[in-house]
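Peer 1: Take a look at this one; I'll ask things after.
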Amino acid sequence: MRIGFDAKRAYNNISGLGNYSRYVISCISRFYPENDILLYTPRIADPDLFVEPAGSQVILPSGLLSRMFRSQWRSFKLPELLKAVGVNIFHGLSNELPFGIHQSGVPSLVTIHDLIFLERPELYKPVDRRIYSKKVAYACKHATRIIAVSDQTKRDIMRHLGVEEERIRVVYQGCHRQFYNRASEESRMAVRDRFSLPSDYLLYVGTIEERKNLLMIVRALHEGKIDIPLVVVGRKTPYFQQVDAYIRKNQIRNIHFLDHVHVSDLPAIYQESRGFIYPSSYEGFGIPVLEALNSRVPVITSAGGCLEETAGKGGLFIDPLNTEEMAHAIRRILEDKELRNHMIMEGGSHAMKFREEQTIPSLYQVYLECLHDA
C-alpha cells in the first residue's frame, strides 16, 4: 500500500500537531514496513526536527510557481499529485485535507484534534475562525473516515458539524517512547543543572495561552500560601503578559519559566517534579497529561471533557477556574503520601491503554476500512 501523509507539521511544528504527526508517521512505518510512505510538505524549516523513516519519500514543491506559492501547493495541488503516483490512501494529520481530494479518487482520512475555534470563538480572530471553519468543514464532509483523538472530540464533531457517527473512529494519541522509561540519574542531574531547577517543584507544560489557565495556577499557589516553586515549560503568547503582571504586582519569586527546552530534556523535567498541573478549559486530548502519567507523577487537571479520559484514575479533577479548589488539590498531592502513591500507580496503569501497541493497530484498521469502502 502507498500511504501519503500531510507532513507539514512533522517538519515545521515543534510540539502539538507536530508531535502527533511525527508519532503517526514513525509508528506506521515501523509497525507496517511493507508499505510505501510518501511525505508531502511545503517546506522543511528545521531538518533536525524530524528524521523521516528509512525508505520513505519526501515530496516538496517543484517548479517555480509551486515554490512561490507553497501553501497553495499543499491546499490545492496535492490531489493530482497523489493520483499521479498511485497513492492508495492519504492521511491529513492536522484537521484538514487538500481541497479537491474528493474528486481525485484517492481515499482519505483526517485526524480532528479539537474544535476549539468553534467551542471558544472569542479566542480567535474572525479571519482565522473563517479559515479554520472552511478547512475542517471540507475535510469532515469529504473524508472517507474521520479520526477523533478522544470521545469528547467525537461528540464535538457530531454536534458542530453534523457528521454521521458511523464515519468517525476514536483512536487515542500516544506520546513519545522516551517518556516510558526513567531517565538516568546522570541525565536528571544534568537537566537540573542546565535549567537551575529548584529541589522541589510543581510542573506545567503547554502553550502559555488563556484557555490553559496558567494564571489560575499562579493565583492558587499565591493566594493559598503554598510554598513550592512552579516550573513552566511552554511557548509564550500575548496572554503571558497577564501572568507576568500578576507575578510582578505580587512580587512572586518562585515561578520559573524555562526557555529553549529540547524535547529530549522533558522526561527528566517531568520525573523530577512533585506533581503536574494542567487546568485547561478545553482540549482535544491533552498530550502533556499523558506524558506526566508515563513519567509517574501525580496529575491535577480539569474535570469534564477529554482530560478525564486522558488522566483516568491517575488524575485529581478540579474546576480550572476555582483557585481554592486547585489549591486544595495541590496540598493533597504534596502532603498525602498514600494518595500520591495511589495516583502514580493508577496513572501508570491507565497510560498503558495509550501505548503505540494499542493505538497504531487501531489506526491501521481505519486505513483498511477506507480502502475497503473506496
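The values are calculated or read from the model by the stated rules, or taken from the named source; none is laboratory data. Because the structure is a prediction, the values reported are computed rather than measured. Cβ: placed from backbone, ideal geometry, glycine included. Neighbour counts: every protein chain shown.
Peer 1: Only one of 232, 191 is of a type outside the set (S, T, N, Q) and in a strand (DSSP E or B). Can you tell me which?
Peer 2: On the way: 191 fails: in a strand (DSSP E or B).
Just a single option satisfies the conditions, and that option is 232.
Peer 1: Sticking with this one: Residue 227 is checked against (1) among the acidic types (Asp, Glu); (2) under 25 Å from residue 119 (Cα atoms); (3) surrounded by fewer than 17 Cβ atoms within 10 Å (Cβ to Cβ) and fails just one. What number does that condition carry?
Peer 2: If we test residue 227 against (1) among the acidic types (Asp, Glu); (2) under 25 Å from residue 119 (Cα atoms); (3) surrounded by fewer than 17 Cβ atoms within 10 Å (Cβ to Cβ), just (2) comes out false.
Peer 1: Looking only at region 108-129, decide whether some residue is more than 24 Å from residue 13 (Cα to Cα), part of a strand (DSSP E or B) and not aromatic (Phe, Trp, Tyr).
Peer 2: No; the residues of region 108-129 include none that is more than 24 Å from residue 13 (Cα to Cα), part of a strand (DSSP E or B) and not aromatic (Phe, Trp, Tyr).
Peer 1: For residues that are within 24 Å of residue 316 (Cβ to Cβ) and out of contact with any His (no Cβ under 8 Å at 6 or more places or on another chain), scanning just region 231-245, find the one that is surrounded by the fewest Cβ atoms within 10 Å (Cβ to Cβ).
Peer 2: 234
Peer 1: Condition first: within 21 Å of residue 336 (Cβ to Cβ) and either in contact with a helix residue (DSSP H, G or I) (Cβ under 7 Å, 6 or more places away or on another chain) or crowded, with 23+ Cβ neighbours inside 10 Å (or both). Now tell me which residues in region 279-306 satisfy that.
Peer 2: First pass over region 279-306, keeping only residues within 21 Å of residue 336 (Cβ to Cβ): 279, 289, 292-293, 295-303.
Within region 279-306, 279, 289, 292, 293, 295, 296, 297, 298, 299, 300, 301, 302 qualify.
Peer 1: Still on this structure: Count, please, the residues in region 311-345 that happen to be in contact with a His (Cβ under 7 Å, 6 or more places away or on another chain) and not charged (D, E, K, R).
Peer 2: 2
Peer 1: Kindly list the number of the only condition in (1) assigned to a strand (DSSP E or B); (2) within 23 Å of residue 120 (Cα to Cα) that fails for residue 283.
Peer 2: (1)
Peer 1: Got at least one residue in region 244-256 being touching a helix residue (DSSP H, G or I) at 6+ places or on another chain (Cβ under 6 Å), in contact (Cβ under 8 Å) with a residue 40 or more places away in the chain and not in a helix (DSSP H, G or I)?
Peer 2: no
Peer 1: Regarding region 258-272, can at least one residue be identified that is part of a helix (DSSP H, G or I), hydroxyl-bearing (Ser, Thr, Tyr), surrounded by fewer than 20 Cβ atoms within 10 Å (Cβ to Cβ) and at pLDDT 95 or above?
Peer 2: Within region 258-272, none of the residues are part of a helix (DSSP H, G or I), hydroxyl-bearing (Ser, Thr, Tyr), surrounded by fewer than 20 Cβ atoms within 10 Å (Cβ to Cβ) and at pLDDT 95 or above.
Peer 1: Can you name every residue in region 43-57 that is within 17 Å of residue 87 (Cβ to Cβ) and surrounded by 14 or more Cβ atoms within 10 Å (Cβ to Cβ)?
Peer 2: Result: 52, 53, 56.
Peer 1: Also, quick follow-up: Out of contact with any helix residue (DSSP H, G or I) (no Cβ under 9 Å at 6 or more places or on another chain), surrounded by fewer than 15 Cβ atoms within 10 Å (Cβ to Cβ) and over 23 Å from residue 23 (Cβ atoms) - does that describe any residue in region 163-174? Full working, then the answer.
Peer 2: Just the residues of region 163-174 that are out of contact with any helix residue (DSSP H, G or I) (no Cβ under 9 Å at 6 or more places or on another chain), to begin with: 166.
Now restrict to residues that are surrounded by fewer than 15 Cβ atoms within 10 Å (Cβ to Cβ): 166.
Narrowing the set further to residues that are over 23 Å from residue 23 (Cβ atoms) leaves 166.
Within region 163-174, one or more residues are out of contact with any helix residue (DSSP H, G or I) (no Cβ under 9 Å at 6 or more places or on another chain), surrounded by fewer than 15 Cβ atoms within 10 Å (Cβ to Cβ) and over 23 Å from residue 23 (Cβ atoms).
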